[in-house]
Amino acid sequence: MSVNVVVRWRRATTVVLSEDDGGVRILTFNRPERLNAWTAEMGRRYFDLLEEADRDPSVRAIVVTGAGKGFCAGADFADLTALQAGTYADERDPRPNTFPTTLRTPVVAAVNGACAGLGMVHALVCDVVLTAGDAKWTTAFSRRGLVAEYGLGWILPRLAGQARAMDLLLSGRVFTGEQACAMGLAVRAVPGERLLAEAVGYAKELATQCSPASMAVIKRQIWDGWQEGLDEAEAEAVRLMTESFRRPDFAEGVSSFLERRPPDFPPLG
């Protein structure tokens, strides 16, 4: 599905851009000259904007992408050099890099180019990933003398299976967005020039057709469910389903279907 992206307004910051297209908030890593390599400043601003979007009742879905030729090329080498020299001032945000998984609002990653190391972490902690078919992905850690950082050793086997996770983490090899999609790391691989429109179109469908309350609960069921057994997950699903019967979203979902009209779900409280 391809759509024309119409930007309603734009608020620029030094390292992250934020713009709205209807009920979709688009956040863009904005260090294109460094392939959007990650810095503490960028992390703080990104998480602040995520929090702001999650609190805004007009925002029904979030899209995250990168300016220029990269999504995020991993940690900035200036920081890695400082770490090696023992001169790095640790200014990391107290919010973990898995922070997007804690939001109520669905987060869609649009991986437009280089997606390496920490950048790959930030792609895979989004709820849904779309990628440019020719985007270059790599874990990179083993080739820098590092380990699977920030939970990637936990996430990757669950998405791609243990054999593929071992391959990608041990070898640190480069692979394409098409291959990432085939391995289950992304739901769609598209030509780069169509990527943002595809991602925003997908997010708009969530924003206009899906209940914000339902999506918030489903996010918790999936992310939290990885730590539960099947019996626990089934019992929790029954409890949550009973709660959903009492929400106005359920009545609106049924009515809109029967009346053959678009749903008008209420915003999150």
Quick calc, Glu205 & Leu258: beta-carbon distance into FRET formula, R0 25 Å, rounding 0.05, result 0.75
Probe 1.4 Å, all chains present, heavy atoms only: Val238 accessible area in Å², nearest 10, is 80
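Taking square-rooted eigenvalues a ≥ b ≥ c of the alpha carbon gyration tensor, is region 98-191 rounded, prolate or oblate, where a/c under 1.5 means rounded and, failing that, a/b exceeding b/c means prolate?
Judged from the Cα gyration tensor, region 98-191 comes out oblate (a/c at least 1.5, b/c at or above a/b).
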Spin-label pair Arg194/Ala251, simplified geometry with 7 Å Cα→Cβ offset, distance in nm | 4.2
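Please sort by residue number the GluC sites (Glu not before Pro) in region 213-269 whose DSSP state is loop and whose Cβ has at most 12 other Cβ atoms within 10 Å. Don't skip to the end; give the middle numbers.
Numbers: sites: Glu228, Glu232, Glu234, Glu236, Glu243, Glu252, Glu259; in loops: Glu228, Glu259.
Answer by residue number: Glu259.
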Using a Förster distance of 30 Å, the FRET efficiency for Gln227-Arg144 (Cβ separation, nearest 0.05) = 0.55
Label-point separation in nm, Glu236 to Ala216, each point 7 Å along Cα→Cβ | 1.7
Accessible solvent surface per residue of the chain, calculated while the other protein chains remain in place, 1.4 angstrom probe, Å² | 49
Would you mind computing, in nm to one decimal, how far apart the modelled labels at Asp48 and Leu159 are, each placed 7 Å from Cα along Cα→Cβ?
-> 2.7
Accessible surface of region 104-157 [probe 1.4 Å, protein heavy atoms]: carbon and sulfur percent = 57
Centre separation in Å (Cα based) which lies between region 102-171 and region 196-269 | 26
In square nanometres and to one decimal, what's the mean projected area of the convex hull around the Cα atoms of the chain?
-> 15.1
Pull up all non-local amide H partners of Arg31: gap of 5 or more, or a different chain, and H-to-H distance under 5 Å with H placed in the peptide plane.
-> Asn36, Ala67
Could you name the lysines whose alpha carbon sits less than 16 Å from that of Lys136, not counting residues in the same chain fewer than 8 places away?
-> Lys69
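When a/c reaches 1.5 or more, the comparison of a/b and b/c decides; with that in mind, is region 128-269 rounded, prolate or oblate per its Cα gyration tensor?
Working: a/c = 3.31, a/b = 1.60, b/c = 2.07.
In terms of gyration-tensor shape, oblate.
The values are calculated or read from the model by the stated rules, or taken from the named source; none is laboratory data. This is a predicted model, so every value here is computed, not measured. With ideal geometry, Cβ positions are generated from the backbone for all residues, glycine too; neighbour counts draw on all protein chains shown. Each accessible area value is taken on the protein alone, full model and side chains, heavy atoms only, with ligands, DNA and RNA left out. Shrake-Rupley method; radii C 1.70, N 1.55, O 1.52, S 1.80 Å.
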